[in-house]
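> Structure provided below as C-alpha cells; questions to follow.
The values are calculated or read from the model by the stated rules, or taken from the named source; none is laboratory data. Predicted model only: the values in this text are computed from it and were never measured. FYI the Cβ positions are ideal-geometry reconstructions off the backbone, even for glycines, and counts take in every protein chain you see. Side chains are part of the model used for accessible areas, which takes the heavy atoms of the whole protein and leaves out ligands, DNA and RNA. Shrake-Rupley method; radii C 1.70, N 1.55, O 1.52, S 1.80 Å.
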Amino acid sequence: MCGIAGYVGSREAVSIVLDQLKRLEYRGYDSAGVAWRSGNGIAILKKEGRLDRLFQEVTQTKPTAHIAIAHSRWATHGKPSDENAHPHTDATNRIAVIHNGIIENYIELYQEMLQEGEVPLKSETDTEIAAHLIGREYQKTGDFVEAVRSAVRKLRGAFAMVILCEDEPDKIVAVRNASPLVLGIGESENFLASDIPALLPYTRDVIVMDEGDLAVITSDRIHLEDAAGRPKLPKITHVDWDIEAAEKGGYEHFMLKEIHEQPDAIRACLAGRLMKDGTVKLGDTLDEKVWTGFDRILIVACGTAYHAGLLGEFLFEGILRVPVEVYYASEFRYNNPILRPTDLVLFISQSGETADTLAALRLVKEEGIPTLGIVNVVGSSIARECDSVLYTQAGPEICVASTKAYSAQVASLALVALYASHLRGGDREKTARLQTALAAMPEFLAEVLRRREEIEAVAHDIHQAPLMFFLGRGADAAVALEGALKMKEIAYIPTQESPAGEMKHGPLALVENGVVAIFGITNPVTRDKSLSNVKEVAARGGTTVGIILDSDPLSAEVLDRSIRIPHIDSPTIAAAVSALPLQLLAYHVARLRGCDIDKPRNLAKSVTVE
Ligand code: M6R
C-alpha cells in the first residue's frame, strides 16, 4: 500500500525521509508529501504525481529540520490530488498525521465530532478525520502521547499511523494496527518506515512493531508499549537481506508476496462494508432505483478480471435470480451487444486502464446504461468513467500475474450481490450463507497458506508435465480457467481448461501418460460427477490432482494427489478460495522450471492497447 518514512536525529531530516520514500517507490503511489518541524511550527509540502514533483518543491524550500515524516499515497478514500495527499493536519495545524490502511468508522467519528463543533475539512480522506480526532484529544489534555492513545482507541480498521506534534519537536508517535510499521535504530538517531527497504541504507537493526503497539521515538530512545498501554521490551532484529529481497518483504518474488497478502487484501476489501450484523455498506454508490430496478447484469472484463466475473455470475444468479452475461471486453464492442435501459453493467479491472475494458465502458455509457466499476487502482480511467466505483482495496499489485486482485474482485462482487440482495429481497438462505463465508474468507485463505508446503510438494511431482488440464464443474469450472491462465502465463505449460463434463466430448483424446489433470472439487453437490471425470482421466494414464474440501475424504482416495482447503458452505467462495492453491502451484512449477516469474515473457501488467 502506501509508503511511510520517518526520522529524528541530528542529520537533515527531510532529505532522509524523501530518500526513504524513493526506496519505496517500487510499490506504486499516486501522490506524496512530507512534514517537518521548522522554526515556525510544522511545515508541510505535498504533491500529486511522481515523487520528483515533491522533490522539486522541497529543493526550492531548502528545509533544515531534525525531525520529519513523509508519505507516498496510494489512494483509498478520495482521488489522487494535492489536497488528499498526506500529511493531514488537525484544525489548529499543530498535529500532522500520515497513515496507511483504512479507518472504517471515519464517517461516524466525523459525525460525532461535528456535534461538538465544526470540523474544517481540507480533503476527502479518512486520515484527516484521524488528525482532527487526535487534535481534539490533544486540546483536552495537552498531552501528545495520551491524545494519540485515546484517539486510537476510537478508531476501527486496519492502519499504521505516524504523528508529529508542533509542541513536542523531538518526538514522533507511531501506532500499528494491522498495517506494517518498522522502526530502525541508529546512533543518536532513529528511523521508521512501512517497509524494511526504506531503512536498509541507514540501519540494519530494526524493531518490527506488533499488532496494537504504540511507539514514541526520539533521537536517543524508543519507547514501545502494547495496545493496553503496558511498556514492552523492544525485540531488535538484525536484517541481512539485500535491497531487492527487502522490497519483496523477504519473499523470493512479488508474486509469492502478493499471494501471501491475500488474507489482508480481503480484510481491507471488506472493512467498513460487510458489517457485523450482515448488512453491506457500499458508500457512495448508484441510485437505489438502479439497484432495485435492474433485470439483467452484464459483466465486462479481461483475463483474470474476466474470470472473477464468471464467479460473479454464480453469485448474482444464485442469490438474485437475475440473468447475468459475462463478456470478454475485447469481444464486447464488436459483437453488437444488446443493451437495455434496465441492465446494470459491471466493469472489472485491477489497473483500471485496460484499453478493451475502457472502450467497452465508453460504448455502454453512450447508451446511458448504469455502470459500476470494480477497480483496484484509485483514480484510474475506468474508475473515473464509471457512474460509480467500488474499489477492491487489494493494494498495489506488482507481479504481472494477478493474484490478490482476483480474490479481492470476487470478494467485491460478493459484496455487490449481498448489497443488491438486501435491497431487493434475494434468496435469504443463500444470502446468509454467502455473508458468513465472505466474512470468514480471510481466515480460509490464511489456512490454505499455512498448508503451502503440501502444495509445493505437489508442484514438485507435476512440474515436468507436457500438458495440464484444469477442470471443474460449476464455480470450480470458472476457477479452472484462472488456474490454467496462471500456469500458462508464468510456467509456460500448455493447458486445456474446460468444465470437467466436457472432457468426453473431445479433449479426453489428449490424455496419455505424463499429462496432468487438476480438478477443482469444492462443491459437494457435484462431487460424485467430478470423481467420474477423475476416473476417466486416470483410466487413460493421466495423473490426477484435486483441490478438495477438508470434509471430503472420499475424493482424496480417488485422486493421485490432493490439496485440501477448509470446508466452506458457499460454493462460490469455496471455489474462489481454491484459486489460491492453483496460484501457488503455478508459482512453484514456474520456479522449478526456472521461469521469470514476476515478468513473464511477452506480457505487460497493464494492457493499454486494444
Ligand atoms: O488490469 P486489468 O484487471 O483490467 O487486467 C486484465 C488482464 O490483463 C489481467 O487480468 C491479466 O490477465 C493478468 N496478467 C492475469 O494474471
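> What pairs can you find where one residue is in the stretch 337-365 and over 21 Å from Asp30 (Cβ atoms), the other is in a loop (DSSP other than H, G, I, E, B) and near the ligand (Cβ under 9 Å from one of its atoms), and their Cβ atoms are less than 8 Å apart, with a gap of 6+ or different chains?
Asp356/Cys302; Asp356/Val607
> Out of Val206, Val216, Val175, I need the residue that is surrounded by 17 or more Cβ atoms within 10 Å (Cβ to Cβ), part of a strand (DSSP E or B) and modelled with pLDDT under 95. Which one? Outline the logic, then answer.
On the way: Val216 fails: modelled with pLDDT under 95; Val175 fails: modelled with pLDDT under 95.
Exactly one residue qualifies, and that residue is Val206.
> Restricting attention to the stretch 283-304, report how many residues are farther than 15 Å from Gly425 by Cα, outside any strand (DSSP E or B) and either touching a strand residue (DSSP E or B) at 6+ places or on another chain (Cβ under 6 Å) or open to solvent by less than 20 Å² (accessible area, probe 1.4 Å) (or both).
So the first thing to find is which residues in the stretch 283-304 are farther than 15 Å from Gly425 by Cα, and the list is 283-287, 296-304.
Next, from what is left, pick out any that are outside any strand (DSSP E or B): 283-287, 302-304.
Cutting the leftovers down to either touching a strand residue (DSSP E or B) at 6+ places or on another chain (Cβ under 6 Å) or open to solvent by less than 20 Å² (accessible area, probe 1.4 Å) (or both) gives us 285-286, 304.
Qualifying residue count for the region: 3.
> Which one is least open to solvent (accessible area, probe 1.4 Å), of the residues in the stretch 178-192 that are over 25 Å from the mean Cα position of the chain (by Cα) and of a type in the set (Gly, Ala, Ser)?
The extreme case among them is Gly184.
> So which residues in the stretch 150-172 are part of a helix (DSSP H, G or I) and crowded, with 18+ Cβ neighbours inside 10 Å? I'd like the intermediate steps shown before the answer.
Residues of the stretch 150-172 part of a helix (DSSP H, G or I): 150-154.
Passing the criteria: Ala151, Val152.
> Now, a different point. For a quick check of your reading of the model, give me the residue pairs whose first member lies in the stretch 465-485 and is within 16 Å of the ligand (Cβ to nearest atom), whose second is in a strand (DSSP E or B) and β-branched (Val, Ile, Thr), with beta-carbon atoms closer than 7 Å and at least 6 apart or on different chains.
Cβ pairs passing all conditions: Phe470/Thr495; Phe470/Ile518; Gly483/Ile518; Ala484/Thr495.
> So the check is Cβ under 9 Å with 6+ separation or different chains; which pairs have a first residue in the stretch 377-395 that's assigned by TED's automatic domain parsing to the domain that holds Leu413 and on the phi > 0 side of the Ramachandran plot and a second one that's surrounded by fewer than 24 Cβ atoms within 10 Å (Cβ to Cβ) and among the polar types (S, T, N, Q)?
So the pair list comes out as Gly379/Ser81; Gln393/Thr76.
> Restricting attention to the stretch 371-400, which residues are outside any loop (DSSP other than H, G, I, E, B), more than 13 Å from the chain's Cα centre (by Cα) and near the ligand (Cβ under 10 Å from one of its atoms)?
Ile382 - this is the single residue of the stretch 371-400 that is outside any loop (DSSP other than H, G, I, E, B), more than 13 Å from the chain's Cα centre (by Cα) and near the ligand (Cβ under 10 Å from one of its atoms).
> Another question, if that's okay. State all residues of the stretch 254-282 that are over 17 Å from the mean Cα position of the chain (by Cα) and buried (at least 20 other Cβ atoms within 10 Å of the Cβ); if no residue qualifies, say none.
Of everything in the stretch 254-282, just one residue is over 17 Å from the mean Cα position of the chain (by Cα) and buried (at least 20 other Cβ atoms within 10 Å of the Cβ), namely Val280.
> State whether one or more residues within the stretch 220-238 are surrounded by 15 or more Cβ atoms within 10 Å (Cβ to Cβ) and assigned to a helix (DSSP H, G or I).
Narrowing the stretch 220-238 to residues surrounded by 15 or more Cβ atoms within 10 Å (Cβ to Cβ): 222-225, 227, 232, 234.
Keeping just the survivors that are assigned to a helix (DSSP H, G or I) gives none.
For the stretch 220-238, residues surrounded by 15 or more Cβ atoms within 10 Å (Cβ to Cβ) and assigned to a helix (DSSP H, G or I): absent.
> Could you please find all residues in the stretch 401-429 being more than 17 Å from Thr371 (Cβ to Cβ) and within 14 Å of the ligand (Cβ to nearest atom)?
Result: Ala401, Ser402, Thr403, Lys404, Ala405, Tyr406, Ser407, Ala408, Val410.
> If you scan the stretch 105-122, which residues turn out to be open to solvent by 80 Å² or more (accessible area, probe 1.4 Å) and not in a helix (DSSP H, G or I)?
Once the filter is applied, which keeps residues that are open to solvent by 80 Å² or more (accessible area, probe 1.4 Å) and not in a helix (DSSP H, G or I), the stretch 105-122 yields Glu118, Lys122.
> If you don't mind, another one. Quick check on my filter: what residues within the stretch 62-95 are hydrophobic (A, V, I, L, M, F, W, C) and surrounded by fewer than 19 Cβ atoms within 10 Å (Cβ to Cβ)? Break it down stepwise before answering.
Going through the stretch 62-95, the residues hydrophobic (A, V, I, L, M, F, W, C) turn out to be 65, 67-70, 74-75, 85, 91, 95.
The answer is Ala91, and nothing else.
Yes/no matrix, rows are residues, columns are (1) open to solvent by 20 Å² or more (accessible area, probe 1.4 Å); (2) at pLDDT below 95; (3) not aliphatic (A, V, I, L, M):
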{"position": "Ser388", "(1), (2), (3)": "no, no, yes"}
{"position": "Ser402", "(1), (2), (3)": "no, no, yes"}
{"position": "Tyr406", "(1), (2), (3)": "no, no, yes"}
{"position": "Tyr419", "(1), (2), (3)": "yes, no, yes"}
{"position": "Ala439", "(1), (2), (3)": "yes, no, no"}
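> Which residues, taken from the stretch 421-437, are open to solvent by less than 60 Å² (accessible area, probe 1.4 Å) and of a type in the set (Val, Ile, Thr)?
Within the stretch 421-437, Thr431 is the sole residue that qualifies.
> Scan the stretch 91-111 and tell me whether some residue there is closer than 18 Å to Glu25 by Cβ and of a type outside the set (Asp, Glu).
First pass over the stretch 91-111, keeping only residues closer than 18 Å to Glu25 by Cβ: 98, 100.
Adding the requirement that they be of a type outside the set (Asp, Glu) leaves 98, 100.
Yes, there is a match, as at least one residue in the stretch 91-111 is closer than 18 Å to Glu25 by Cβ and of a type outside the set (Asp, Glu).
> Please specify each residue of the stretch 299-324 satisfying the condition of being on the phi < 0 side of the Ramachandran plot and out of contact with any helix residue (DSSP H, G or I) (no Cβ under 8 Å at 6 or more places or on another chain).
Of everything in the stretch 299-324, just one residue is on the phi < 0 side of the Ramachandran plot and out of contact with any helix residue (DSSP H, G or I) (no Cβ under 8 Å at 6 or more places or on another chain), namely Glu317.
> Which condition number in (1) over 29 Å from Ser10 (Cβ atoms); (2) in a helix (DSSP H, G or I) is the one that Tyr251 fails?
Tyr251 satisfies all of (1) over 29 Å from Ser10 (Cβ atoms); (2) in a helix (DSSP H, G or I) except (2).
> Give just the number: which of (1) in contact with a strand residue (DSSP E or B) (Cβ under 9 Å, 6 or more places away or on another chain); (2) in contact (Cβ under 8 Å) with a residue 60 or more places away in the chain; (3) surrounded by fewer than 13 Cβ atoms within 10 Å (Cβ to Cβ) does Arg321 not satisfy?
(1)
> Same structure, new question: Within the stretch 306-317, which residues are open to solvent by less than 10 Å² (accessible area, probe 1.4 Å) and within 16 Å of the ligand (Cβ to nearest atom)?
First, pick out the residues of the stretch 306-317 that are open to solvent by less than 10 Å² (accessible area, probe 1.4 Å): 308-309, 311-312, 315-316.
Ala308, Gly309, Leu311, Gly312 - these are the residues of the stretch 306-317 that are open to solvent by less than 10 Å² (accessible area, probe 1.4 Å) and within 16 Å of the ligand (Cβ to nearest atom).
> Taking the residues in the stretch 324-345 that are of a type in the set (A, V, I, L, M) and open to solvent by less than 80 Å² (accessible area, probe 1.4 Å) as candidates, determine which candidate is farthest from Leu390 (Cα to Cα).
Here is the first cut: in the stretch 324-345, the residues of a type in the set (A, V, I, L, M) are 324, 326, 329, 338-339, 344-345.
Still in the list and also open to solvent by less than 80 Å² (accessible area, probe 1.4 Å): 324, 326, 329, 339, 344-345.
On the way: Val324: 19, Val326: 18, Ala329: 19, Leu339: 22, Leu344: 14, Val345: 13 Å.
Looking at the filtered set, the residue picked out is Leu339.
> Look at the stretch 346-370 and say how many of its residues are open to solvent by less than 10 Å² (accessible area, probe 1.4 Å) and more than 15 Å from the ligand (Cβ to nearest atom). Before the answer, list the steps.
Pass one, the stretch 346-370, residues open to solvent by less than 10 Å² (accessible area, probe 1.4 Å): 346-349, 352, 357, 360-361, 364, 369.
Applying the additional criterion that residues be more than 15 Å from the ligand (Cβ to nearest atom) yields 364, 369.
The qualifying residues number 2.
> Going through the stretch 373-382 one residue at a time, which ones are surrounded by fewer than 24 Cβ atoms within 10 Å (Cβ to Cβ) and aliphatic (A, V, I, L, M)?
Listed by number, the list holds a single entry, Val378.
> Quick one: which residue in Thr125, Thr141 is surrounded by 23 or more Cβ atoms within 10 Å (Cβ to Cβ) and either closer than 17 Å to Ile98 by Cβ or modelled with pLDDT under 95 (or both)? If you could, list the steps in order and put the result at the bottom.
On the way: Thr141 fails: surrounded by 23 or more Cβ atoms within 10 Å (Cβ to Cβ).
Result: Thr125 is the single residue among Thr125, Thr141 that is surrounded by 23 or more Cβ atoms within 10 Å (Cβ to Cβ) and either closer than 17 Å to Ile98 by Cβ or modelled with pLDDT under 95 (or both).
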